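First comes the structure, then the notes that go with it.
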Amino acid sequence: MPSLFPGYTYDIFISYRQKDNKGDHWVTEFVNALKAELEATFKEDISIYFDENPQDGLLETHDVDGSLKEKLKCLIFIPIISQTYCDPKSFAWNDEFLAFLKTAAADSYGLKIRLPNGNMASRAVAIRIHELDSRDKKLIETELQGPLRAIDFTYHTAGVNRPLRPKDDEVRGPGQNAYRDQVNKTANAIKEIIAGLQGAVVVDPSEIKYTSISSKDGSLPKKKRSFKIPQLVKGANLLSILVILAFIALAIVHYSEPTPEERTYRFDIQPPENKNYSTVFGGHISLSPDGRLLAFVVKDSSEKMLLWVRPLNASTGVALADTENASFPFWSPDSRFIGFFTSDGKLRKIAATGGTAQTLCEAPLGRGGSWNSSGSIIFCPEGGKNPLLRVSDFGGTPVAITNLDSGQISHRWPHFLPDGKHFLYLARTVGGAVGERDAIWLASLDSTFRPRPLINAGSSMAYANGKLFFARDQVLMAQPFDAIHLQTKGDATQIVGRVYFEPVSASGAFTLSQNGILAYQSGSGTGGSSLCWTDRSGKRTAVIPGVSECGSLRISPDKKRIVVAQPD
C-alpha cells in the first residue's frame, strides 16, 4: 500500500531493537493495536513499515541491501526508545534513526512540521518503553536538536517492559479524552503531523509574533503587542573597535492607556582578560535568537582564536573547546547550537554549552551562514565566489540555491527571514570593495520564487521586529520591512554611527536577537588600500585605479602589467 503523499514509500516507519520484542512480543502487539487505531482515525489507509520477522534482515548487526533506504522515505518515523535503543553501535540507531533524520531533513518538508494549532512537531515520534539515563537522553536530544518529547509507555516500575493494561490509560480530566493504552494518543499525534504536511492550516511565524493577542475572555486587547527598536542616540565616539556595545530596546507591553514608555539600556562588553576580539575580515559576533547569549571569536597573544559564549547577564564568558580558528558564528533558531567556519575550510556546529564540534561539510573561506527551524543551513563558500549553498544541519553534500546574475561576482551573508523559507543575501559587484551596484536581495528556498533586489547597499544584514538592518558608510541603518508581504516600507533611518565595517569582505560587525537586542562593535575597518607607483625616493608618482585591497603582487618583466591577489 503506497503512502498518502507522492514520492514517499510509506507513511510510517517503526524502528526498534529486536531484543525489545522478545518474550511477550509487546512491540508487535503495540503495532497491531496502532494499525487498528489508525484505521478508525483516518478515512484513508495508512501504510506502515514494521519488520516483525527477524529473518527480513533488520538484526542488530546484519547489513541489509539498498532497499532499506527506500523504506526510510516515509512521512513519520516511530522509534521505540529503550535503554538499549540509544546505542551508537546498534543497527537501529545508525541505519534507521540517524538515517531517517538525515533523509527527512533534506526532503521538501524538513524534519519539523508546523501543526494546525501552530506548534512545531518533529516527524520523529518517539515511543519510550524504558526510562533513559541522562547520557542516553542527551544523546538522542543532540540528534533531535531539541528536547525529547516522547509518548511514555513506562508504568509503575522504571525500566520494565510490560504489556499495556486498561488501568494504565491516561485520563486528562473531566470532559477530556482518555487515551486507551496511549495508542489513541499516538494515532492523534500522527494525524496532526499529516494534517500539518497537508497544509490544513497555514500559520506564518511572523503573523503570530506581530498580530494582536486575545485576552482571557476571548476579546481582542485594546493595544497590539509589539516590540520596537527606537532610533538610538548616536555612538559615543569610542576609539577602540574591540568594545562591543549592546542595546536593549523593548517596548513595555500594556493593554490599556497610557502608551507604554520606551526604555533603552546600554552597556559595554569588554573582551576576556588579555585577549582581543577578532576582526579578521569583519566582526565575528552573533546574538542568540532568544537574546540571552552572545557568541564571539577572540584571539590571544599567540594569535590563537577560539569561539566564546557569554550570557548577557553574566560578567564573563566561556571558551568552547574544539573551535580553534573559528570565524563568523551564527545560531540555530532554538538558541542551542552555533554554526561556524574554520580556517581549514569546514562548516561545523557545536552546542552552546560546549562539547565536540561536528563537521557538516566543506566550506572554504566561509562568508556567513543562516539556520532555519526546518534544519536547513544556507552559507557562502569560497569567499562568495560561488552561489549560496544549502546543507542539512545533520551534514551532507551542499546544493546551490542561488545563481550569479550578470555583473554579480559574489553572493554572501545570507539571513533567513522569520518564515524560515525566504532569505536575504548580499549580491556583490566589485571584489574587495563596496560597489555602487551592490544590493541586498530577497530569495526563497522555493525554486519557483524569482529573486529580486530590495535595497541598494553593500553590507551584511539582519532582520528583527519589522526592520531590516544594514551598514552604510559605517552607519547602522534600519529599513522598515514587511516580512509577510516581503516588501520595504518608508525610508531607512540611522540607528547608530561609527559601526565597525570591513569593506574588503562587506561585513558589518552588528547582530540582533529576535526580541530587540542589538550588539555591535564600534570603530572603522581597513577602509581599503591603494596600489601606487613611487620613485626611488618614496614619492608617489601614480595611483593604479580599481585596486582597493591586495596581498602579494608581481610585476611583469616588461613593467607594463601587475598581478595582485585580492581577498574577499
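The values are calculated or read from the model by the stated rules, or taken from the named source; none is laboratory data. It should be emphasised that the depicted structure is a prediction, and the values quoted were computed from it without experimental measurement. Backbone-built Cβ (ideal geometry, glycine too); neighbour counts: all protein chains shown. Quick note on the areas: whole protein, heavy atoms, side chains included, nothing else; ligands and nucleic acids left out. Shrake-Rupley method; radii C 1.70, N 1.55, O 1.52, S 1.80 Å.
For this structure, a couple of remarks:
- Filter pass, Arg390 being open to solvent by 10 Å² or more (accessible area, probe 1.4 Å) and either aromatic (Phe, Trp, Tyr) or not in a loop (DSSP other than H, G, I, E, B) (or both): yes
- Test: residue in the range 348-363 that is open to solvent by less than 50 Å² (accessible area, probe 1.4 Å) and within 25 Å of Val434 (Cα to Cα): yes
- For the range 1-60, a residue qualifies if it is at pLDDT below 85 and among the aromatic types (Phe, Trp, Tyr), and the qualifying residues are Trp26, Phe30.
- Residue list for the range 29-47, filter: under 24 Å from Leu101 (Cα atoms) and either without any contact (Cβ under 8 Å) to a residue 24 or more places away in the chain or in contact with a helix residue (DSSP H, G or I) (Cβ under 6 Å, 6 or more places away or on another chain) (or both): Val31, Leu34, Lys35, Leu38, Ile46
- Residues being over 21 Å from Phe416 (Cβ atoms) and either touching a residue at least 24 places away in the same chain (Cβ under 8 Å) or among the β-branched types (Val, Ile, Thr) (or both) - total across the range 331-361: 7
- Residues satisfying the stated conditions in the range 364-380, i.e. within 20 Å of Val280 (Cβ to Cβ) and open to solvent by less than 10 Å² (accessible area, probe 1.4 Å): Gly366, Gly368, Phe379, Cys380
- Listed conditions (1) touching a residue at least 40 places away in the same chain (Cβ under 8 Å); (2) of a type outside the set (Val, Ile, Thr); (3) touching a Cys at 6+ places or on another chain (Cβ under 8 Å) are all met by Leu424, apart from (3).
- Residue match in the range 120-132 (condition: among the β-branched types (Val, Ile, Thr), free of Cβ contacts under 8 Å to residues at least 40 places away in the same chain and within 21 Å of Tyr10 (Cβ to Cβ)): no
- Which numbered condition Phe341 fails, given (1) open to solvent by 10 Å² or more (accessible area, probe 1.4 Å); (2) touching a Gly at 6+ places or on another chain (Cβ under 8 Å); (3) farther than 15 Å from Phe394 by Cα: (1)
- Test set (1) under 17 Å from the mean Cα position of the chain (by Cα); (2) hydrophobic (A, V, I, L, M, F, W, C); (3) on the phi < 0 side of the Ramachandran plot - Trp413 fails condition number: (3)
Residues are listed down the side, and each one gets a yes or a no for (1) part of a loop (DSSP other than H, G, I, E, B); (2) within 13 Å of Ser373 (Cα to Cα):
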residue: Asp87; (1), (2): yes, no
residue: Asn94; (1), (2): no, no
residue: Phe97; (1), (2): no, no
residue: Lys102; (1), (2): no, no
residue: Ser108; (1), (2): yes, no
residue: Ile113; (1), (2): no, yes
residue: Asn117; (1), (2): yes, no
